[in-house]
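Note sheet for the following structure.
The values are calculated or read from the model by the stated rules, or taken from the named source; none is laboratory data. What you are looking at is a predicted structure, and each value in this text was computed from that prediction instead of being measured. Cβ: placed from backbone, ideal geometry, glycine included. Neighbour counts: every protein chain shown. Each accessible area value is taken on the protein alone, full model and side chains, heavy atoms only, with ligands, DNA and RNA left out. Shrake-Rupley method; radii C 1.70, N 1.55, O 1.52, S 1.80 Å.
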Amino acid sequence: MFNVEAFLASAGSAKTVAWYGSGDPIFAQGDAGEHVMYIRAGGVKLTVLSKTGAKAVVAMLGPGDFFGEACLAGQPIRVGSATAIAHSVIVRVDKDKMARLLHRQHAMSDRFIAHMLTRNVRIEADLIDQLFSSTEKRLARALLQLAGYGKRGKPARAVPAISQATLAKMIGTTRSRVTFFLNKFKKRGFITYESELPLTINRSLLSVVLHD
């Protein structure tokens, strides 16, 4: 299996490691796009702010995910913001160095392309989910994604600390509806939590997503 950490270590002085607390900004919409970032630990929320002031959650990412990669395609500024949703360790690689490493190391290029394709498939699935799935199914799917279901390796049962308000924005509903379905999932034994998140997920929650 390709070792992403070993590859990133080869970036040398063009690589830095930063630590963020839950809620800390990593970059803001409008900042210069100068680095590609990799999540070593923790979680990251990507959001976009419209001209009218409306904020949308674009993605929730976890360990093993890259973000900020649009700078490699010539995007000079960030079109959205990135915020840590838990205590996180982020590896930042200078975009020019990253481009050279990708050009030289085919294994990393394959890993990076696979990541990009997976992200595109996930975004497409999220859009379809928003259009055609019930609120209950959208919430179940979001929780499973946050726990790492669908990624390589064993999923974590614990979901990173995230507010119910953020979950509501992710799935396009109100906080009261999120609270209603979280309580429903809890009563049915799909999840375990007390009052607020974080929570733990049981595999039985998959039945909500798979049920037609």
If you go through G21, G62, G12, the only one that is within 29 Å of Y149 (Cβ to Cβ), modelled with pLDDT under 90, open to solvent by less than 60 Å² (accessible area, probe 1.4 Å) and not charged (D, E, K, R) is G62
Expected single match for touching a Lys or Arg at 6+ places or on another chain (Cβ under 9 Å) and under 24 Å from S10 (Cβ atoms) among I90, I39, I85 is I90
Only unsatisfied item for Q164, checking (1) more than 18 Å from I85 (Cα to Cα); (2) at pLDDT below 85, is (1)
Of the listed residues (L143, L205, L139, L199), the one being over 21 Å from T83 (Cβ atoms), open to solvent by less than 30 Å² (accessible area, probe 1.4 Å), at pLDDT 80 or above and not polar (S, T, N, Q) is L205
Among the residues of the stretch 49-56, are any open to solvent by less than 20 Å² (accessible area, probe 1.4 Å) and in contact (Cβ under 8 Å) with a residue 40 or more places away in the chain? no
In the stretch 75-133, residues that are modelled with pLDDT under 90, exposed (fewer than 15 other Cβ atoms within 10 Å of the Cβ) and acidic (D, E) total 2
Of the listed residues (F185, F190, F181), the one being in contact with an Asp or Glu (Cβ under 8 Å, 6 or more places away or on another chain) and either of a type in the set (D, E, K, R) or modelled with pLDDT of 80 or more (or both) is F181
Note on the stretch 29-48: residues in a loop (DSSP other than H, G, I, E, B), at pLDDT 90 or above and either open to solvent by 50 Å² or more (accessible area, probe 1.4 Å) or under 28 Å from Y149 (Cα atoms) (or both) are Q29, D31, E34
Taking the stretch 66-81 and keeping only residues that are in contact with a helix residue (DSSP H, G or I) (Cβ under 8 Å, 6 or more places away or on another chain) and without any contact (Cβ under 8 Å) to a residue 40 or more places away in the chain, one is left with C71, L72
